[in-house]
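K.L.:
Let me give you the structure first, and then I'll get to my questions.
The values are calculated or read from the model by the stated rules, or taken from the named source; none is laboratory data. What you see is a predicted model; the values in this text were computed from it and never measured. Here Cβ is always computed from backbone atoms with ideal geometry, including for glycine, and neighbour counts include all displayed protein chains. We work out accessible area using only protein heavy atoms, side chains counted, and drop any ligands, DNA or RNA first. Shrake-Rupley method; radii C 1.70, N 1.55, O 1.52, S 1.80 Å.
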Amino acid sequence: MAVNPELVLLIPGLFGPRGADEATLAAADMPARVLGRLLSRAEARAAAGDGLAAALFAAFGMDVQHADGLPEAPLRLRSDGGDPAGDYCLSADPVHLRVGQDRVVLTGAGTVSRAEAEALCGEIAAHFAETGIRLEAPAPERWYLRLPQPPAAGFTPLEAVLGQDIRPHLPTGADARTWRRLLNEVQMLLHASEVNRARLARGEVEINSVWFWGGGRLPPPGDCRFAQVWSDHPLARGLALNAGLVPHPLPADAAAWGAVAAGGRHLIVLDRLVVAARLGAVEEWQETMRVLQERWLGPLWARLRAGRLAALTIGGAGAFDYHIRPGQARRWWRRARPFAAHARESRQGPEQ
């Protein structure tokens, strides 16, 4: 007899852009109201930490309490085909800074081609080499530094700064001045690059900075209990590789996943909401939510109610994870609360 799979579904950005009003959130759960019913019948438990990275580390049975931040860079590097070995690695991802009168806001750099990444990294690699730091770009949109020794500095994760003024998030600690100076020097080099002149001529945003974050050495694997991991997210794939699993690409939809999923515990990461949520792009977020419900949440809800999923966990989006089994999904008498109410509570977190 076939064993039904258990699914952990991580959806960063699920609860909407910062400051989204009730109407925006309510519209995201129309017309089927799947999310409101699903979350109302589920058991809400306090999440292990804040954000997708903490949810992923916890899902893989790893410690989420790191004084210097989670060591994402070496895991992402491994996902991109690099070998972190025993090096201290630091992400230096290409970004665009939008300068205003009183703010310097970090946004995505858009599409970065392989040729652009190689040219830009070539222009700034020599500058890093003078300090003993090596720069490499195994993926065009993800760049890494290998440091001779760990820096005495703190860095803010890229996801937390996206759409925000960078000034409160610049490097801190004993080496903060050195890293802020390096950042300014890289910005000057990028500003003078022919690559950026060509991008501006094509109407594209400049790659006018990098963002340092996620430093650390490759951690030992935790207590991973997944049979399969399905994701295009570099950290999820890196954690799977670190645990001895071969990650699978994200399927097109729930039906495609269900057609090939064997028994055991599975992880799927749906991360297409997070950028729109962080940047406050309401219309993009709502449209992505519509597609997400049509292709994933609606079919998974139906599969759970039919008893073809052993359990479903939804997390990675806020202060709570939501756990539900087939018997709970069929509790039709339990009052369904609006999705907006769940979103508001998950943003506020558990009562102290």
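K.L.:
If I ask for residues that are surrounded by 14 or more Cβ atoms within 10 Å (Cβ to Cβ), of a type outside the set (A, V, I, L, M) and within 17 Å of Ala20 (Cα to Cα), which ones from region 306-352 would you list?
P.N.:
Gly318, Pro338, Phe339, His342, Arg344, Glu345, Ser346, Arg347
K.L.:
Check region 56-67 and report whether any residue there is within 20 Å of the chain's Cα centre (by Cα), surrounded by fewer than 21 Cβ atoms within 10 Å (Cβ to Cβ), modelled with pLDDT of 90 or more and not in a strand (DSSP E or B).
P.N.:
Yes: region 56-67 contains one or more residues that are within 20 Å of the chain's Cα centre (by Cα), surrounded by fewer than 21 Cβ atoms within 10 Å (Cβ to Cβ), modelled with pLDDT of 90 or more and not in a strand (DSSP E or B).
K.L.:
Do we have Pro74 as open to solvent by less than 20 Å² (accessible area, probe 1.4 Å), part of a strand (DSSP E or B), modelled with pLDDT of 95 or more and of a type outside the set (Val, Ile, Thr) here? Step through it out loud before you land on a result.
P.N.:
On the way: open to solvent by less than 20 Å² (accessible area, probe 1.4 Å): yes; part of a strand (DSSP E or B): no; modelled with pLDDT of 95 or more: yes; of a type outside the set (Val, Ile, Thr): yes.
When the stated conditions are applied, Pro74 does not pass them.
K.L.:
Hey, any hits in region 226-246 for a residue that's within 29 Å of Cys89 (Cα to Cα), open to solvent by 50 Å² or more (accessible area, probe 1.4 Å) and of a type in the set (Asp, Glu)?
P.N.:
Yes: one or more hits.
K.L.:
Against the definition (outside any loop (DSSP other than H, G, I, E, B), closer than 30 Å to Gly173 by Cα and under 23 Å from the mean Cα position of the chain (by Cα)), how does Ala44 come out, yes or no?
P.N.:
On the way: outside any loop (DSSP other than H, G, I, E, B): yes; closer than 30 Å to Gly173 by Cα: no; under 23 Å from the mean Cα position of the chain (by Cα): yes.
No: the conditions fail for Ala44.
K.L.:
Across region 298-313, what is the total count of residues that are at pLDDT below 95 and within 20 Å of the chain's Cα centre (by Cα)?
P.N.:
Residues flagged as at pLDDT below 95 and within 20 Å of the chain's Cα centre (by Cα) within region 298-313 amount to 0.
K.L.:
Same structure, new question: How about region 1-45: which of its residues are more than 14 Å from Thr313 (Cβ to Cβ), open to solvent by 60 Å² or more (accessible area, probe 1.4 Å) and in contact (Cβ under 8 Å) with a residue 12 or more places away in the chain?
P.N.:
First, pick out the residues of region 1-45 that are more than 14 Å from Thr313 (Cβ to Cβ): 1-4, 12-13, 15-37, 40.
With the extra rule that they be open to solvent by 60 Å² or more (accessible area, probe 1.4 Å), the set shrinks to 1-4, 18-19, 21-23, 30-31, 33, 37.
Ala2, Val3, Asn4, Arg18, Gly19, Glu22, Arg33, Arg37 - these are the residues of region 1-45 that are more than 14 Å from Thr313 (Cβ to Cβ), open to solvent by 60 Å² or more (accessible area, probe 1.4 Å) and in contact (Cβ under 8 Å) with a residue 12 or more places away in the chain.
K.L.:
While we're here: Is one or more of the residues making up region 268-289 of a type in the set (Gly, Ala, Ser), surrounded by fewer than 19 Cβ atoms within 10 Å (Cβ to Cβ), part of a helix (DSSP H, G or I) and in contact with a Lys or Arg (Cβ under 9 Å, 6 or more places away or on another chain)?
P.N.:
No: region 268-289 contains no residue that is of a type in the set (Gly, Ala, Ser), surrounded by fewer than 19 Cβ atoms within 10 Å (Cβ to Cβ), part of a helix (DSSP H, G or I) and in contact with a Lys or Arg (Cβ under 9 Å, 6 or more places away or on another chain).
K.L.:
If we keep just the residues of region 112-121 that are out of contact with any strand residue (DSSP E or B) (no Cβ under 9 Å at 6 or more places or on another chain) and free of Cβ contacts under 8 Å to residues at least 60 places away in the same chain, which is surrounded by the most Cβ atoms within 10 Å (Cβ to Cβ)? Write out each step before concluding.
P.N.:
As a first pass, look at region 112-121 and keep what is out of contact with any strand residue (DSSP E or B) (no Cβ under 9 Å at 6 or more places or on another chain): 113, 115, 119.
Still in the list and also free of Cβ contacts under 8 Å to residues at least 60 places away in the same chain: 113, 115.
Working: Ser113: 12, Ala115: 10.
Of everything passing the filter in region 112-121, Ser113 is surrounded by the most Cβ atoms within 10 Å (Cβ to Cβ).
K.L.:
Looking at region 205-225, is at least one residue touching a Lys or Arg at 6+ places or on another chain (Cβ under 9 Å) and over 23 Å from Thr156 (Cβ atoms)?
P.N.:
yes
K.L.:
Looking only at residues that are in a strand (DSSP E or B), surrounded by fewer than 19 Cβ atoms within 10 Å (Cβ to Cβ) and in contact (Cβ under 8 Å) with a residue 40 or more places away in the chain in region 122-138, which one is farthest from the chain's Cα centre (by Cα)?
P.N.:
Only one residue fits best here, namely Glu136.
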